[in-house]
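*Asks:* One structure, as structure tokens, below. Some questions next.
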Amino acid sequence: MGGTRVIGVTGLRRTAAAAALVSAAALAGGGVAAASPIQHGQAHSQAVSGVISTVAGGVGGPGPGPNVGLDTPCGVAASASNIYVSSGGSVRKVTQDIGRLSTLAGTGASGPFGTGGPASNASVAPCGLAVDRVGNVVIADTGNSLIRVVAHHSGTYYGQAMAAGDIYAVAGGGTGGNGFPATSAALASPEAVAIDHHGNLVIADTGFCEIQVVAHRYGTFYGQKMRPGYIYDVAGTGGNGDAGDGGPATAAELDRPGGVSVDSAGNLVIADTENNRIRVVAESSGTFYGQAMTAGDIYSVAGTGDGAYSGDGGPATQAALQAPGGVSVDSAGNLVIADTENNRIRMVAESSGTFYGQAMTAGDIYTVAGTGKNGFFGNGIPATSTGVALPDAVTFDHAGNLVITNTKQNRIQVVAVSTGTFYRQAMTAGDIYTVAGTGKEGLSGDFAPATSAEMLNPWGVATDHAGDLLLSTYNDVVRMVPVASGNLYGHKVKAGDIYDLAGTGKQGFSGDGRRASKAELNYPIGIGVDAAGNLLIPDRYNERIRMVPVVSGTYFGQAMKAGDIYTVAGDGTEGYTGDGGPATLAELNTPRAVTADAAGNLVIADDENNVVRVVAAASGTFYGQAMTAGDIYTVAGNGVAGYTGNGGLATLAELDEPGGVSVDAAGNLVIADGGNDVVRVVAAASGTFYGQDMTIGDIYTVAGDGVRGYAGDGGLATSAELDNPQDVTVDGNGNLVIADNGNSRVRVAAAVSGTFYGQDMTAGDVYTVAGNGTAGYGGDGGPATAAELASPASVAVSGTKLFIADKLNNRIREVTG
């Protein structure tokens, strides 16, 4: 959104002399292309499409686990030598002996894609994990309603021939149910998976409120005859409820079970999340957890059903749990529970004894980690003295240490079972240690190659006059990728590496007048760069526009130091006041984008006010209004959400959530009027632009017909359909480059006839230059028009390179050629 601008942003800034070359008859008030003219409607010879690649982002490269960011880790499993963690759109591996973190599966993109190919190229939306007896990693691909397997060795598993390192779907994706082949069955957001003693897959099918089994071999399991590769219901009726204890598990009700495990006797242990209980399905008849049980029946072993916290030191069945998300069983047979919404890890003792430094009585429940508070109090302290935040899963590593997903704090932590060295750290029994995650959500990679960095939902992308890449992310940071080594914004930088430039990753407001990387931001999105290279940030929910100067100087009446951050518009209050007065005393309403024009004025897409506003850099007349330096003025929109006013004064027209704004070479304002599904122009002077006669200060639609959809490629831009265009910029030839967000495409409205982005184009027509319309991730190294994008939010052009903030793929992608 916002920030990719022809003035100083794209590296294509026009001089006054160049602007004077723009004739009144030019379609775009932008440059001219040295290309043979093509008449509208004439057949085009298809040129080779531009090539697309990833230049920043992904799921992060390898590194020490505690130094790498995780994105709300949801699941954890352990093998003899590794811990596996589900984090965002990937499965990460922590090598236990050296504590190094790397990516096993997932690209960070939405999906699913990649089945039958390398796991590192696939897209997953994982939660629960398990490791089977031969080392295969089994993934509850929750967001895609699949169970998938990454093969450890080549061989035949779960009825499929598999190659080592590749990923395969083994359950889900169909419409069948009980007794069907597992790959033909329907699953609904499965959140957990386990392996029983027979090698069967056990699935917590959360959305269908069932526990299901995929048989590994022929046999009778859980009272049912099973066939390998087929799926069977073993607990739950498919409807949510809380009934059935003491009777057949298949006749009992569950409520969104979020975890499942298998104890040493082969019983299934279920985190019945919304029922606030832990329940057991007996594999055989006998006495377990202090209760006489019958094979195939179900029993509550912890929790009263009340969502609360109580009962430590007393019988587990009389204690209150709150939305337990995971459960595991240690080598002594104790149940360990991720008591998620109580912010605790709790244990039900199988026998009387001392565990994790506490004397315990068989059948009673105890807290072994967490104080109930959401906070991080440090490493190397007693586990019961620290905060854990919404822990979703628990497991045990090969040494018997308790491994916790500290989900809200974006960490994986270990409670040491004995004193020793684990994960390259000296640990004391009963104390807690971070082994993966920095506490920041999917934010890592500083001072390393940009293509191995993590980021979460990049919203904005811009380039400065030198071609340095700047990007803003949902992590509440702005980052930079320099094109050359040297000094940039007061930082010593290396070409191709990535650096945090502004924001700490903590949401808030602080830091004005200090180092930008130490400041707090709140949802910065459509960033821009002015002609001098200063970074412009729409600090959206702080209701401000902030600036980070590239060199020290005086800007907008303030003395500023390179690399520090300053507010230049907005008083922090949501509203619409202040026009004609100092910009820093005005109210804004969730500004989405900012750029600068040739005169250095700030141009702001004041999104929820449905207007475009200007902060004057110097006193003079701009956009038909007399302005005073440092004051703010509305130049488009009347504050009412709607779609009116074409051909009349821009300040009387209605806009609907303008998401991006740019300035072309003639000084016209170009607006991505996202809610109206059009791109509009406010004329800076009277003349002919984009094929239309325009009057200074009036507004005109230049792309989109106001109908949300996808149509019109190869025809007039004003007859085409767009879907929530979130950004627009102007390239060096005057073409409009549009982030057609809802269509998963980037499109170009040609200003002049010629060949651009590998395609022959006719002036005034619209063309797709990146994206095939399918929301996903794919295509790197191939034609940009055959690639998949996922919610492209912002675009920038630098020379012959087009940059795309591929938001839901957590990447910045580049189209060359």
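The values are calculated or read from the model by the stated rules, or taken from the named source; none is laboratory data. What you are looking at is a predicted structure, and each value in this text was computed from that prediction instead of being measured. Ideal geometry is used to build each Cβ from the backbone, glycine not excepted, and the neighbour counts take in all protein chains shown. Note: accessible area is taken over every heavy atom of the protein model, side chains too, but ligands, DNA and RNA are not part of it. Shrake-Rupley method; radii C 1.70, N 1.55, O 1.52, S 1.80 Å.
*Asks:* Can you tell me the mean projection area, over all orientations, of the convex hull of the range 594-683's alpha carbons? Units nm², please.
*Replies:* Taking the Cα atoms of the range 594-683, their convex hull projects to 4.9 nm² on average.
*Asks:* Of the beta bridges DSSP finds with both residues in the range 166-223, what % are antiparallel, to the nearest 5?
*Replies:* 90
*Asks:* Report the Cα-based extents of the range 269-356 along its three principal axes, largest first, to the nearest Å.
*Replies:* Taking the Cα atoms of the range 269-356, the three principal extents are 34, 30, 19 Å.
*Asks:* While we're looking at this one, here's another question. Let me check I've understood the local charge: for Ala186, count other residues with C-beta under 15 angstrom from its C-beta, Lys and Arg +1, Asp and Glu -1. What total comes out?
*Replies:* -4
*Asks:* Roughly to the nearest percent, how much of the accessible area of the chain is carbon and sulfur, given a 1.4 Å probe? Please report the intermediate quantities before stating the final value.
*Replies:* On the way: 13110 of 26070 Å².
That share works out to 50 percent.
*Asks:* While we're on this one: Express in whole angstrom the spacing between the alpha-carbon centres of the range 665-679 and the range 108-150.
*Replies:* 41
*Asks:* Based on the Kirkwood radius over alpha-carbon pairs, what is the Stokes-Einstein translational diffusion coefficient of the range 705-756 at 20 °C with 1.002 mPa s viscosity, in µm²/s?
*Replies:* For these conditions, the coefficient is 190 µm²/s.
*Asks:* Can you work out D for the range 646-723 in µm² s⁻¹ from Stokes-Einstein, where Rh is the Kirkwood radius over C-alpha pairs, the temperature is 25 °C and the viscosity is 0.890 mPa s?
*Replies:* Working: Rh = 12.5 Å.
Value of D from the Cα-based Kirkwood radius: 196 µm²/s.
*Asks:* Based only on the alpha carbon positions, what is the Kirkwood hydrodynamic radius of the range 502-604, in angstrom?
*Replies:* Over the range 502-604, the inverse of the mean reciprocal pair distance is 13.3 Å.
*Asks:* Based on the alpha carbons, how large is the Rg to Rh ratio for the chain when Rh follows Kirkwood? It would help to have the intermediate numbers written out before the result.
*Replies:* Details: Rg = 29.3 Å, Rh = 28.1 Å.
Radius of gyration relative to Kirkwood radius: 1.04.
*Asks:* Turning to a different aspect of this structure: Place a point 7 Å from the Cα of Ser81 along the Cα-to-Cβ direction; which residues of the range 151-188 have their backbone N under 14 Å from it?
*Replies:* 152-153
*Asks:* Now a separate question. Treating only the Cβ of Lys, Arg, Asp and Glu as charged (+1, +1, -1, -1), what charge dipole size does the chain show about its Cα centre? Round to the nearest 20 debye. The partial results should precede the final answer.
*Replies:* Values: 42 positive and 73 negative charges, 398 e Å.
For this selection, approximately 1920 debye.
*Asks:* Straight-line reach from Lys561: which lysines fall under 21 Å, measuring Cα to Cα and dropping same-chain residues less than 8 apart?
*Replies:* Correct list for Lys561: Lys492, Lys518.
*Asks:* Which values, in whole Å and largest first, are the semi-axes of the equivalent ellipsoid of the range 530-581 obtained as the square root of 5 times each eigenvalue of the Cα gyration tensor?
*Replies:* 22, 12, 9
*Asks:* Further question on the same structure: Go from 0 up to the bin containing the longest alpha carbon distance in the range 154-244, width 10 Å each, and give me the % of pairs per bin.
*Replies:* 17, 50, 28, 4, 1
*Asks:* Considering Cα pairs under 8 angstrom that are at least six residues apart, work out the relative contact order of the range 445-495 and quote it in whole percent.
*Replies:* About 25 percent, as a whole number.
*Asks:* Related question: For the range 213-251 and the range 718-791, what is the centre-to-centre distance using only Cα atoms, to the nearest Å?
*Replies:* Going from one Cα centre to the other spans 51 Å.
*Asks:* Next question. Under a plain spin-label model, where a point goes 7 Å from the Cα along Cα-to-Cβ, how far apart in nm are Val551 and Phe377?
*Replies:* According to this spin-label approximation, the distance is 5.2 nm.
*Asks:* Would you kindly state how much longer the chain becomes between His197 and Ser352 on full extension, computed as 0.36 nm times their sequence separation minus their alpha carbon distance, in nm to one decimal?
*Replies:* So the chain would gain 53.2 nm between His197 and Ser352.
*Asks:* Let me ask something else about it. Let me check against my output: what whole-number percent is the relative contact order of the range 750-817, with C-alpha pairs under 8 Å and at least 6 apart? Walk me through the numbers before you get to the answer.
*Replies:* Values: 123 pairs, mean separation 14.2, N = 68.
So the answer I get is 21 percent.
*Asks:* Related question: Might you tell me the accessible area per residue for the range 117-160, computed with a 1.4 Å probe and given in Å²?
*Replies:* Averaged over the residues of the range 117-160, the accessible area is 33 Å².
*Asks:* How charged is the neighbourhood of Ala265? Take every other residue with its Cβ under 13 Å from the Cβ of Ala265, and add Lys/Arg as +1 and Asp/Glu as -1.
*Replies:* -4
*Asks:* Keeping all protein chains in place, calculate the accessible area per residue for the range 613-769 (probe 1.4 angstrom), answer in Å².
*Replies:* In whole numbers, the range 613-769 has 26 Å² accessible per residue.
*Asks:* Given the Cα atoms of the range 557-615, and with Rh set as the inverse mean 1/r over their pairs in the Kirkwood sense, what is Rg to Rh to two decimals?
*Replies:* Expressed as Rg/Rh, it is 0.96.
*Asks:* Here is a follow-up. Across the range 667-817, how large is the tail of the calculated P(r) beyond 25 Å, expressed as a percent of all Cα pairs? All intermediate terms of the calculation are to be shown ahead of the outcome.
*Replies:* Values: 2369 of 11325 pairs.
Percentage above 25 Å: 21.
*Asks:* Report, largest value first, the span of the C-alpha coordinates of the range 103-224 along each principal axis, in whole Å.
*Replies:* 40, 29, 20
*Asks:* Just to confirm a number: summing +1 for Lys and Arg and -1 for Asp and Glu over residues other than His197 whose beta-carbon lies under 14 angstrom from that of His197, what do you get?
*Replies:* Net of charged neighbours comes to -2.
*Asks:* Before anything else, pin down the relative contact order of the chain: Cα pairs under 8 Å, at least 6 apart, normalised by residue count, whole percent.
*Replies:* In percent, rounded to a whole number, it is 15.
*Asks:* OK, next. At what distance in angstrom do the alpha carbon centres of the range 546-601 and the range 303-343 lie from each other?
*Replies:* So the two Cα centres are separated by 52 Å.
*Asks:* Another question, then. If eta is 0.692 mPa s and T is 37 °C, what Stokes-Einstein diffusion coefficient results for the range 302-407, Kirkwood Rh from Cα pairs, in µm²/s?
*Replies:* Working: Rh = 13.4 Å.
Diffusion coefficient, whole number: 244 µm²/s.
*Asks:* In Å³ and rounded to a whole number, note down the convex hull volume per residue for the Cα atoms of the range 734-817.
*Replies:* Roughly 78 Å³ of hull volume per residue.
*Asks:* Working out 0.36 nm times the residue gap between Ala265 and Asn487, then minus their Cα-Cα distance, what length gain in nm do you get to one decimal? Don't skip to the answer; put the middle values down first.
*Replies:* Values: separation 222, 0.36 × 222 = 79.92 nm, distance 6.31 nm.
Length gained between Ala265 and Asn487: 73.6 nm.
*Asks:* I've got another one for you. Sequence-distant or interchain residues sharing an amide H contact under 5 Å with Leu716, placed H: which?
*Replies:* none
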